[in-house]
Structures are given as structure tokens and as C-alpha cells.
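Worksheet: the structure to be examined is printed underneath.
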Amino acid sequence: MRQRLWLIPAGGALLAPLVTWLPMLAAKWPWLGLPPYEAARGIDIWHMQAFWLVVFCLVALLVGQRDPWLAVGLFTLGWGVFFWGGLIDVTHRVVFLGGCLALWALRQMPSEWKPMVVALLAASGAFQVMYVLQQLLGYDLLWGPMVGGVLKPHLQPLGTLGTVDATAAYIAITMPLMPPWLLPVAAGCVLKSHSITAIAAMMTGLLVAYHRNWRLTTALVTITLALVTWTYRRNFMYGVAVLPSTVSGKLGIWWFGLKDWAQTNPIHGPGVWAQRIPALQLERHYQPTGEIFLEAHNEYLQWLYETGATGFALLCGWIWAHRQMFRDAMVGGSLAAVTVAAGGFFTFHVVSVGLLGLVLIGLATTSDTQEATPCGV
């Protein structure tokens, strides 16, 4: 197949001179549904869109040799860019394209390199743990007075990612890769973030990683639940849990987005949430937490909103086809944590966390068969 990929750019060279006619078709027969570009400007727009179609098809065929679900998704996004690229923001589609190409590259990694990469990811997570600890102690080495910064009275566990939720998610995802002796300290940092999503991701990842070591699993679950109860003790009244405002706010915005999707079906591909929902919030005076939600804080719901039922079906098919990655001997627990984190945070819209998830997926799918042994032990 790789030997025939040259057919795509060659075909694009034949297609490009013909797309200049499409503005005329759009003007003559509007029922075709083609974008109504002004003729002179439309020639340049269609040329660029034809180029992007070539690139999307090329990458789709490249990754499709081992990942047909991903290839279909790329073809779908590529056709969307071809037909509507001049009327929509294609930035998210291009980033998705780059991520697919990066995933293909990761899958070419020789198996003997995998332990070293896993160790480096664990070290990166451990670094965030150490950095959060010194912030909790009232200092910030890289952003503090040493480099001209001014510390706030109460430092938050921001790590080097700049936000509490992102740092907590990063630590939770890398915890299954860390040595057991570091886990209590890392767990304390995640709990200190008060991020329910990160705490759930941490618990899920550790359960998957240590599910065959029942003593350690029982200890981890017991200690974590006790600490979570202590952390949120003020949210429990007379035995009834009161959801924190951040959780109720997210639930509210999810329902807000779902209703808009069901009523208007604003499907234009990745990126449409940020273009539509914030403006809709302002128009309808809906700000449950006083915030504008540029992202849905739920990757699954946002993907459904932006790509529709077809895109969501492709996502489900892709996850099912690669379900063995959650049993990977080294990174299965971390991938389980990524899956949970994506349900309450815009995991793949933050570069640091998104690239981490991408590398983990690549590590778990470099081989068609992964040994189903517990991670971290």
C-alpha cells in the first residue's frame, strides 16, 4: 500500500485545475449545496481546499493500513474541509490531522524502546508531583522571586502546566507508571487539587494497574475513599451528598449543549463548540458558574456535538477495535485514567495532557498483541 501512496498527490495535481469551475456551478445551481464563493475569490479558496483534501486522504491511507476506523474519520473530516473550508475554521481539523500523523509515527517505535519511554513518562509525572509539593509549601522555583516573579498569598497546585485541573489530570494519568512508593505522595497532590475528575481517573488507573494485587488494591481503594470523604466532608449533609458548584455547572453546560445539538444540529466538525456555545451562553444569559465554556469539559460529549451521531459511532468503533490497549502490560492503567479524565475535562484540548494521551495510545498499539499482565507490578 505504501508504494502506491504517490497516487494521492498525483491525483490531486489532476483535480486542482478542475475545482476552479465549482464557483460557477454554485452560482448557477444553488441546489447543489456548494459554498457560494465569489468567482474570483472562490478559485483560490477551492485550490487550497483541494490541497487539504490531498493531505487528509494521504494521511488517511497511511494510518488506515492498521487503523481503518481512524482512516474513515480522516476521510470524513477531509471532505468537510474540501467542501466548506472557506466558511469554517479548519484549525481543529488540521490539529486532528497532525495528531493522527503523530500516532502513526509512534506506532513505528521499536518494542525495545518502549520501557525507556514509559520510564521517562513516569519521571515526567514524578516531576509534576515534586513541583506541586514545593508550591504547596509556599514557593515556586520556576515562576517565583528567583526569576522576578511575585508569589500569590496562597499558591495552588498548578505544576508547570498552569492550571490545577490539567496538572492533576497529568499526575493521575502517569501514576500507574510510577513506582509504588511514590503513589501516596502523588495521590495527596491529586486530592489537594479537589478535582473530582482527576481523583476518579487516579482511582480507575490504579485499579486497572494493580487489579491482580488484591491487598494493594484494597489498601489503595480504602485510603483513597477515606481521603476523598475527608476532602469533601463539607459537601455531605445528613448523609446526602451535595455536588460542588463546579460539578453542577458542568452538568448544566452539558445539558445546555445537548439541547442545542438536538434542536439545531450545528454539526460542522471539530471546533464548532468554541464558535457557538460561548456566544449562545451570552445570548441566553446562561452562566451556571459565572464562566464561559470554551470547551465542553467532556471530550465525548463535545465530539458528539461537533461531529454528530456518525462521528460518535466512529469513535465508539475505534475504541472497540483497540480495546486491548487497556490491558497493555505497561500503560493499560494510564490509558484507563485517560479515558476517565476525558469524561470530565478537555483532556485532548490541552497540549501537555493531550500529547501524553497520544503517546500512551501509540505505546499500547505498537503491536497487534499485548501481554495481558497487570501494569505497574
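Is it the case that L335 is at pLDDT 90 or above and in contact with a Phe, Trp or Tyr (Cβ under 6 Å, 6 or more places away or on another chain)? Criteria met by L335.
Candidates in the stretch 84-135 are the residues that are aromatic (F, W, Y) and in contact (Cβ under 8 Å) with a residue 60 or more places away in the chain; of these, the one that is nearest to R41 (Cα to Cα) is W84.
On the given criteria, is E306 within 30 Å of R212 (Cβ to Cβ) and of a type in the set (D, E, K, R)? The answer is no for E306. On the basis of being of a type in the set (D, E) and either touching a residue at least 24 places away in the same chain (Cβ under 8 Å) or buried (at least 21 other Cβ atoms within 10 Å of the Cβ) (or both), does D44 make the cut? Here the answer is no, as D44 does not meet what is asked. In the stretch 47-65, which residues are over 11 Å from G85 (Cβ atoms) and free of Cβ contacts under 8 Å to residues at least 60 places away in the same chain? Once the filter is applied, which keeps residues that are over 11 Å from G85 (Cβ atoms) and free of Cβ contacts under 8 Å to residues at least 60 places away in the same chain, the stretch 47-65 yields V54, V55, C57, L58, V59, A60, V63, G64.
Looking at V359, is it under 30 Å from S111 (Cα atoms) and in contact with a Leu (Cβ under 8 Å, 6 or more places away or on another chain)? Taking the combined requirement at face value, the residue satisfies it.
Number of residues in the stretch 56-93 that are basic (K, R) and surrounded by 19 or more Cβ atoms within 10 Å (Cβ to Cβ) equals 1. When the stretch 99-148 is filtered for residues that are acidic (D, E) and surrounded by 18 or more Cβ atoms within 10 Å (Cβ to Cβ), only D140 remains. For Q49, the criteria (1) out of contact with any Gly (no Cβ under 8 Å at 6 or more places or on another chain); (2) surrounded by 16 or more Cβ atoms within 10 Å (Cβ to Cβ) hold in every case but one, which is (1).
Only one entry in P278, P270 is free of Cβ contacts under 8 Å to residues at least 24 places away in the same chain, touching a Leu at 6+ places or on another chain (Cβ under 8 Å) and not aliphatic (A, V, I, L, M), namely P278. When residues in the stretch 64-96 are screened for being farther than 18 Å from A313 by Cβ and acidic (D, E), 1 of them pass. Restricting the search to helices (runs of 4 or more DSSP H) fully inside the stretch 1-114 and requiring at least 3 residues that are among the small types (G, A, S) gives 7-15, 39-64, 68-84, 91-106. When the test is whether a residue is closer than 20 Å to V353 by Cβ and buried (at least 17 other Cβ atoms within 10 Å of the Cβ), F96 passes it.
The values are calculated or read from the model by the stated rules, or taken from the named source; none is laboratory data. Keep in mind it's a predicted model, so treat the numbers as computed, not measured. Note that each Cβ is placed from the backbone with ideal geometry, even for glycine, and that neighbours are counted across all protein chains shown.
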